[in-house]
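Asks: Mind having a look at this structure? Questions to follow.
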């Protein structure tokens, strides 16, 4: 059978890749893509802990579902923000959106 | 169902109707008036049942009236009881109230032009101006606030029934006040007319004056006897104690003072001499309202109350004298004014005042049965007259709409004339009512009641007798004047020529009431009367006379047995009635216009300048007091002055504190100092904040990693512990 | 090397590879499509973990809604179809280092954990995971409150998104 | 264990025996058999698809008062093959500026998304790809992939018309998925399972008799999902030449076309499964799995026919009307219906079938009536408003 470690390592790797995307991408949309990757990594962890723990305890799956909901909300709002920023500043490059500096 | 239960139920339908209409059916006119009239009919049936099959068949109703009471308010160890009482007096009152109320409800349907189209430019709060139907004719338009009107009169009927049926002064007072409110609402029914508003407020205020005294009387009575129930008060020992206790006011006995106070309430309610001013102005309301207030219910309520408390009143001769004087004076005084009025309804209003004066005078001279008798008959024919005048006005409005000349006042008698042929039913019924009012001999009810009053005042109260006789003459005179000006002769205006008869909903009540106006007198024919005497027993006298047939008879001044027959009062009343009628017709049979009316004396026309006098005596001073004295001097000068001085002092203190502590120390040293430091630090730290989100993330993550590893290695010691 | 393990390795390879493409490819549409591949792989993983419901929901929510939203966003926020120039920041290597450090740290922490390489008790037969999940989501003893809160959050996000992106002109 | 009672089982055992005879590890064998099953199912569907072309053309011909294909073969039965040959020998164009990989991937995914659906269709009590316990959701998931394929095609072909078509299609799909899910939950509530087979088994009374409203709504959403008239904005010829597959030629277009046809047929099938009792027909299904399969196909064809009927009868709706129709009417109605059904399901007695069905049916009819009343009032108000406006305009013109 598959040991738990495989899942954990996979999710850790996926998380790091997502993190890399978030930190290094220029495009705001791409940054959101990275965030999605990270969320999925978390979900993998949750579900695998559910599977490898006591199956009759549904916490893992429930939290995975809640993460789905949160992800959906985050994407909706995030993309809405990106689009409205694009309307106003005519750019989606994260570094060019620096109105909040001194 | 026991009689008591039924009696409890009698006042209920109107109040239910009121709420039904106000809450649910007010959008639908037909439904509203059906509800109201249905309710009135229910009460009517109940009342008739109680009157005919219970009150009349009961032996010795005076001794054992129908009564039932329940606990209402706990007053310490005892209870304040409320309940119903039907003794002969309330029975007859119930009888005529039920009839008139029902008739008036029915009449209102026609009066408010039910079934006519909505007005072209009517709006709520104004009398309907008439509409244009599909043929382009001008027709009367339906009242915009039709349902509201029926709701109000339902409430009014409820108040009256409560008052009549209550067995104690408290609920009587409640009904009394409900009617006060309703008269306010109904007089001001067309609230967009300034005159109507003023009249409503005036009526309300004036009656309030009376009511305050009445309330005082009730309070005094309660504190003196500890009860308000009639049955408990009018027992021998209670009355005797009341008669003995001195009240400490004018050397009156407690009974006298209480009676006086209650009577002042009556003065307000039934518009007696000093407080009569509101009643004529109340004519601003729709005519059914006038009839309701001035004939059937409210004003009679005053008299009814006095009759109720008669045993109490009669304990002190001085009070009695006062009452008699007020009554007699009012009778004459109002009659003289009525002679000079031109508004058909105002004439009736003043005649009402004087007729009430009659009753009060009769009471004052001890003849409470005669008073009750006149109360009933007067209710019938005065309601008849008011409704008749309403019908006349309605017919005139028809004419006005037809000609479209709105300057003509459809209520002015001088713009009428010759309506006899135009509106026959109205004419005949009005004539009957008029004759009854002027006490046309033998036929009419008015004659019998008035005759009885005269007869009973004749022995002992000569002054009263003479005054009333003159008043009776004037009554007959102005009644005939009214009839002549309105119906006889030739039409004086085109409007009068185009007047037409009113719908059956208005005429039917007239017919019914005129029936009573004629016949009701026959139940009270004194037995010693020549020819007619003894043909029919003097039922009324025995029946109502039985009311106070209780052991305390010895205490009472005015004894209820019929006045011994004497020919002089009879002749007098014959003379004054016929004479008045004759002269009235003689004087006015061919008067063409106001100019030719020789009785337009300014003094009379302006009602002895009473409104002006009151204005000068009370209103102006009140305004001066509130405006100048209280507002200008006390409020602005004294109180505000004090307050302002406080303010100044506080300001001074505050200024010093600010100058020496706040500004210098806190602001400059502490406040600005910190601000400068912060600014300096901020300027140094500013470059960190690049506004680039990813830089922030990088930095924060880096810090996180470092911190985590530090915690992990340093704080937690050996890693093995970490996740075990 | 059993069948599931082979499956797992293939899926894992697909996931990581496509994830790398997501964060590195220049063409953003392709990035979004690669993201879809990743998500699909994750769904497969769920299936491997006997969480069929989650697998399907993953496909419905992520691929059916989120990924498509992404593609829309990419299409709406570009001047021309092609993406020229580098898509990474100047300091991308630094973030690479940070990411690598994170992975290292996580791995190091995990392998220090006792239950690191435990295997699953095989799935009880006739165990109705979906039914259990449903009960857990709506039973007051379990997770009804977080569930409702999540739904409220979704609603708020919906309204907020509409408001933010609404074009006032 | 003979062939007629359980063909799939029979064949798989036989194949297992054969492979074992070849000395194969049995997991390999099972894997192989699974693959064979998939291939068989998929190819069977595609073959049926070919005949669907003929069916569609015949039916539309009848609707439009024509004869339809009748030259090639008896009743033109060979016509589809001729079409296929035509498509195959056409030039296969890939425009420059197209994103090649995605461009070529899209049609395959489009057909794939449809074929995926057949994995959970129970052709008979014992013939099904997999009895997924979340079948209802699976339908939506597969639909999502279809959507994806459309976007890919549109984006990849680098064409404004295509993009517009895709946008419209996606807007429609994303919005109409909501009421579809809601209506999918209703049979789930009634059958207490999401598995297609359980739902069919639970239908002692066809659900169209129990929850007619749900059946109607599902049909509408299905048509929207298919992007057929009256919801065919994604390929509205008169506005955007051919929508998302404007650039496609030859067999790639053929794949889209076949995908659409099969999709319609498939949704007919799901409609039959969810509301018409699937392979059940008064106990006939007990004669044997193949009979059951035939019954299911007949019902699926019936649903397909209804879809065609609507397609060739109605006109196209404007996009805003369509979305308004979904968000302001269909979605609320679907949710209300869902609540009503759940409530009634809780209230009504389950032991007495007659009462149960009658109650459900009545509640449905009542709800439908209320909705129609509301619509009437609303539309009257709208009409009055518009008329009033027109009058004002006229006044202004005078």
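The values are calculated or read from the model by the stated rules, or taken from the named source; none is laboratory data. Since we're looking at a predicted model, the values are computed, not measured. In this analysis, Cβ positions are derived from the backbone assuming ideal geometry, glycine residues included, and neighbour counts consider all displayed protein chains.
Asks: Would you be able to say whether some residue in region C:68-81 is more than 14 Å from chain D (Cβ to nearest Cβ), part of a helix (DSSP H, G or I), over 20 Å from the mean Cα position of the chain (by Cα) and crowded, with 17+ Cβ neighbours inside 10 Å?
Replies: no
Asks: A further question follows. Scan region C:110-146 residue by residue and report those that are assigned to a helix (DSSP H, G or I), surrounded by 13 or more Cβ atoms within 10 Å (Cβ to Cβ), more than 8 Å from chain A (Cβ to nearest Cβ) and touching a helix residue (DSSP H, G or I) at 6+ places or on another chain (Cβ under 8 Å).
Replies: Correct list: C:130, C:144.
Asks: With the condition being within 30 Å of residue B:278 (Cα to Cα) and within 42 Å of the chain's Cα centre (by Cα), I'd like the helices (runs of 4 or more DSSP H) fully within region B:608-724 carrying at least 1 qualifying residues.
Replies: Output list reads B:610-614, B:620-624.
Asks: Restricting the search to region C:152-162, which residues are loosely packed, with under 12 Cβ neighbours inside 10 Å and either assigned to a loop (DSSP other than H, G, I, E, B) or within 8 Å of chain A (Cβ to nearest Cβ) (or both)?
Replies: Passing the criteria: only C:162.
Asks: Scan B:306, B:277 and give me the residue that is on the phi < 0 side of the Ramachandran plot and surrounded by fewer than 24 Cβ atoms within 10 Å (Cβ to Cβ).
Replies: B:277
Asks: Going through region C:1-20 one residue at a time, which ones are surrounded by 18 or more Cβ atoms within 10 Å (Cβ to Cβ) and more than 8 Å from chain A (Cβ to nearest Cβ)?
Replies: Within region C:1-20, C:11, C:18 meet the criteria.
Asks: Turning to a different aspect of this structure: For residue B:224, only one of the following conditions fails: (1) crowded, with 23+ Cβ neighbours inside 10 Å; (2) in a helix (DSSP H, G or I); (3) modelled with pLDDT under 85. What is its number?
Replies: In the conditions (1) crowded, with 23+ Cβ neighbours inside 10 Å; (2) in a helix (DSSP H, G or I); (3) modelled with pLDDT under 85, residue B:224 misses (1) alone.
Asks: Against the condition away from chain B (no Cβ under 12 Å), assigned to a helix (DSSP H, G or I) and at pLDDT 85 or above, how does residue A:62 come out, does it pass?
Replies: Considered against the rule, which asks whether it is away from chain B (no Cβ under 12 Å), assigned to a helix (DSSP H, G or I) and at pLDDT 85 or above, residue A:62 comes out as yes.
Asks: Surrounded by fewer than 21 Cβ atoms within 10 Å (Cβ to Cβ), assigned by TED's automatic domain parsing to the domain that holds residue D:111, in a helix (DSSP H, G or I) and at pLDDT 85 or above: is that true of residue D:251 in this structure?
Replies: No, not satisfied.
Asks: Then there's this: For residue D:219, state whether it is over 30 Å from residue C:78 (Cα atoms) and over 14 Å from the mean Cα position of the chain (by Cα).
Replies: So residue D:219 fails the test.
Asks: Out of D:120, D:108, I need the residue that is in contact with a strand residue (DSSP E or B) (Cβ under 8 Å, 6 or more places away or on another chain) and outside the structural domain of residue D:9 (by TED's automatic domain parsing). Which one?
Replies: Criteria check complete, one pass: D:120.
Asks: In addition: Where in region B:403-495 are there helices (runs of 4 or more DSSP H), lying wholly inside it, with at least 2 residues that are free of Cβ contacts under 8 Å to residues at least 12 places away in the same chain?
Replies: B:462-486
Table: residues versus (1) part of a helix (DSSP H, G or I); (2) modelled with pLDDT under 80; (3) under 30 Å from residue B:109 (Cα atoms).
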| residue | (1), (2), (3) |
| --- | --- |
| B:506 | yes, no, yes |
| B:511 | yes, no, yes |
| B:514 | yes, no, yes |
| B:517 | yes, no, yes |
| B:520 | yes, no, yes |
| B:523 | yes, yes, no |
| B:526 | no, yes, no |
| B:529 | no, yes, no |
| B:542 | yes, yes, no |
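Asks: Across region C:13-56, what is the number of residues that are over 20 Å from residue A:10 (Cβ atoms) and outside any loop (DSSP other than H, G, I, E, B)?
Replies: Counting residues in region C:13-56 that are over 20 Å from residue A:10 (Cβ atoms) and outside any loop (DSSP other than H, G, I, E, B) gives 8.
Asks: Six or more apart or on different chains, Cβ under 6 Å: which pairs go from a residue in region D:14-31 that's under 16 Å from residue D:3 (Cα atoms) to one that's in a helix (DSSP H, G or I)? Could you list them?
Replies: Partner pairs satisfying both residue conditions: D:15/D:33; D:16/D:29.
Asks: Okay, next question. Can you tell me which residue within region D:167-183, out of those that are modelled with pLDDT of 85 or more and facing another protein chain (nearest Cβ under 9 Å), is farthest from residue D:245 (Cα to Cα)?
Replies: Out of the qualifying residues, it is D:181.
Asks: State which residue is nearest to residue B:214 (Cα to Cα) when the search covers only region B:228-252 and only residues that are crowded, with 19+ Cβ neighbours inside 10 Å and touching a residue at least 60 places away in the same chain (Cβ under 8 Å).
Replies: Once the filter is applied, the top-ranked residue is B:228.
Asks: Sticking with this one: Tell me, please, whether a residue that is more than 7 Å from chain C (Cβ to nearest Cβ), over 29 Å from residue B:695 (Cβ atoms) and either in contact with a strand residue (DSSP E or B) (Cβ under 6 Å, 6 or more places away or on another chain) or not in a loop (DSSP other than H, G, I, E, B) (or both) can be found in region A:3-25.
Replies: For region A:3-25, residues more than 7 Å from chain C (Cβ to nearest Cβ), over 29 Å from residue B:695 (Cβ atoms) and either in contact with a strand residue (DSSP E or B) (Cβ under 6 Å, 6 or more places away or on another chain) or not in a loop (DSSP other than H, G, I, E, B) (or both): present.
Asks: I need the full set of residues from region D:143-165 which are more than 9 Å from every other protein chain (Cβ to nearest Cβ), in a helix (DSSP H, G or I) and surrounded by 21 or more Cβ atoms within 10 Å (Cβ to Cβ), in order please.
Replies: Hits for region D:143-165 are D:146, D:149, D:150, D:153, D:154, D:162, D:165.
Asks: Name every residue in region C:86-95 that is facing another protein chain (nearest Cβ under 7 Å) and either out of contact with any helix residue (DSSP H, G or I) (no Cβ under 6 Å at 6 or more places or on another chain) or exposed (fewer than 12 other Cβ atoms within 10 Å of the Cβ) (or both), in order of residue number.
Replies: Listed by number, the residues that qualify are C:87, C:94.
Asks: Out of the residues in region B:13-30 meeting the condition of being in a helix (DSSP H, G or I) and without any contact (Cβ under 8 Å) to a residue 12 or more places away in the chain, tell me which one is nearest to the chain's Cα centre (by Cα).
Replies: B:19
Asks: While we're on this one: Residue check, residue D:347 against (1) exposed (fewer than 11 other Cβ atoms within 10 Å of the Cβ); (2) touching a residue at least 12 places away in the same chain (Cβ under 8 Å); (3) assigned by TED's automatic domain parsing to the domain that holds residue D:222, all met but one. Which one?
Replies: (3)
Asks: Please find, within region C:24-66, the residue that is surrounded by the fewest Cβ atoms within 10 Å (Cβ to Cβ) out of those that are under 18 Å from residue A:59 (Cα atoms) and at the interface with chain D (Cβ under 8 Å from one of its Cβ atoms).
Replies: Looking at residues that are under 18 Å from residue A:59 (Cα atoms) and at the interface with chain D (Cβ under 8 Å from one of its Cβ atoms), I get C:52.
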